[in-house]
1. Go through the residues of segment 322-338 one by one and say whether even a single one is of a type outside the set (Gly, Ala, Ser), closer than 20 Å to Gln188 by Cβ, in contact with an Asp or Glu (Cβ under 8 Å, 6 or more places away or on another chain) and in a loop (DSSP other than H, G, I, E, B).
2. Which of the residues spanning segment 73-102 are of a type outside the set (Val, Ile, Thr) and in contact with a Leu (Cβ under 6 Å, 6 or more places away or on another chain)?
3. Can you tell me which of Cys104, Cys80 is under 26 Å from Arg38 (Cβ atoms), over 21 Å from the mean Cα position of the chain (by Cα) and buried (at least 19 other Cβ atoms within 10 Å of the Cβ)?
4. For segment 286-321, which positions are surrounded by 15 or more Cβ atoms within 10 Å (Cβ to Cβ), more than 16 Å from the chain's Cα centre (by Cα) and part of a strand (DSSP E or B)?
5. Hand me the list of helices (runs of 4 or more DSSP H) wholly inside segment 145-241 holding 1 or more residues that are modelled with pLDDT of 95 or more and under 15 Å from the mean Cα position of the chain (by Cα).
6. Among (1) free of Cβ contacts under 8 Å to residues at least 40 places away in the same chain; (2) under 21 Å from Val81 (Cβ atoms), where does Glu134 come up short?
7. Any residue in segment 20-39 that is open to solvent by less than 50 Å² (accessible area, probe 1.4 Å), within 17 Å of the chain's Cα centre (by Cα) and within 17 Å of Ala139 (Cβ to Cβ)?
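The values are calculated or read from the model by the stated rules, or taken from the named source; none is laboratory data. None of the values given here were measured: they were computed from a predicted structure. Counting neighbours? That spans all protein chains shown, and the Cβs are built from the backbone with ideal geometry, glycine included. Please note that ligands, DNA and RNA were not included when accessible areas were found on the heavy atoms of the full protein model with its side chains. Shrake-Rupley method; radii C 1.70, N 1.55, O 1.52, S 1.80 Å.
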Amino acid sequence: MTPMRAWVVREPGPLAESPLDLVELPVPEPGPGEVLLRVLTCGVCRTDLHVATGDLPVRRPRVVPGHEIVGEVVGSGPGCVRFLTGDRVGVPWLRGTCGSCASCRTGRENLCARSRYTGWDADGGYAEFTTVPEAFAYALPDALDDLSAAPLLCAGIIGYRALKRAALPPGGRLGIYGFGGSAHLTAQLALAQGAEVHVLTRGEGARRLALDLGATSAGGADEQPPVPLDAAILFAPAGEIVPAALAALAPGATLAVAGIHLSDIPRLDYQRHLFHEKTVTSVVSNTRADGEEFLALAERLGLRPTTHEYRLDEATDALAYLDAGDVRGAGVLRVAHRSAS
């Protein structure tokens with residue numbers, strides 16, 4: 001094959017210093033149990049921004065970011081039995097686990113100490129081709145088009161796990177802090193299940209999107225919601241929001257922190273922030289079961305993200321859109337169109 005185009009993290013740093021390079025690389029060879037994909041679309045996730053800017057130290061020099069990948073199988077390595085050439089599959093953040101530790105044996109593979117991740121430990125989808133272990137890929141419902149499917153593969157799945165971790169009671173009041181790609185999908189999921197949603201975020205456009213999707217209220221990130229919250233999810237990577245979010249919780253409620261990176265949390269006041277059996281929990285990746293459950297639910301509920309399409313060579317523009325903060329949906333790289341059947 002001719003070389004492929006791909007973005008690599010040259011030197012993590014501020015976006016203004018152009019930490020990514022668009023280069024030509026050899027098309028990767030699939031190893032045992034891996035399939036080779038022609039990338040169709042790849043969502044632009046905040047984790048990609050953290051990898052590019054150095055908030056998450058790269059684990060592979062000159063790694064190709066991107067882990068919300070929709071691809072078409074064009075080859076396979078030894079031992080592959082699950083997918084055929086031409087199948088459309090989804091590639092998520094979680095790329096591999098040991099399969100034998102206590103976490104893996106008890107259905108908590110997201111906590112595996114030897115877990116590996118797409119676009120961090122291994123090259124991801126800001127490229128024309130990529131590989132994935134077929135055991136960690138998802139078959140995608142036909143009803144989901146390539147652009148809509150991409151954000152579901154991390155933003156959607158992580159939001160689904162965060163919603164479960166937040167322990168929202170049926171018909172309860174959910175607070176969402178930050179309103180980017182993951183949050184706007186989680187809001188739709190909660191609303192479809194009968195929740196009352198209150199959004200607190202800094203961007204005016206994001207607040208308008210929240211109201212358009214059916215949120216009861218949408219205010220600034222530093223404001224208090226109009227009612228006590230039965231659960232809350234913090235998507236913004238801003239630790240300074242944690243005290244306000246805890247103060248907004250009703251007794252017995254939970255705050256789930258959904259980001260992989262968070263700035264420092266200020267000192268908490270026990271009586272105001274934690275008393276009355278309030279809970280703070282984090283969210284670590286997801287299990288494959290989370291992904292299967294969420295994709296089935298998304299298909300049944302007709303869940304669709306608001307997307308902003310970019311070409312592969314516009315990846316830095318897509319990251320700048322995300323970094324600007326007033327996100328009105330999910331950025332998605334359009335890399336290719338599916339081959340004619």
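1. yes
2. Gly75, Arg88, Gly90, Pro92 - these are the residues of segment 73-102 that are of a type outside the set (Val, Ile, Thr) and in contact with a Leu (Cβ under 6 Å, 6 or more places away or on another chain).
3. Every option except Cys80 fails the conditions.
4. Tyr310 - this is the single residue of segment 286-321 that is surrounded by 15 or more Cβ atoms within 10 Å (Cβ to Cβ), more than 16 Å from the chain's Cα centre (by Cα) and part of a strand (DSSP E or B).
5. Hits in segment 145-241: 146-151, 157-166, 181-192.
6. (1)
7. no
Residue by residue, here is whether (1) surrounded by fewer than 24 Cβ atoms within 10 Å (Cβ to Cβ); (2) not aliphatic (A, V, I, L, M) holds:
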| residue | (1), (2) |
| --- | --- |
| Tyr126 | no, yes |
| Asp145 | yes, yes |
| Ile157 | no, no |
| Leu163 | no, no |
| Ala166 | no, no |
| Ile176 | no, no |
| Ser182 | no, yes |
| Leu189 | yes, no |
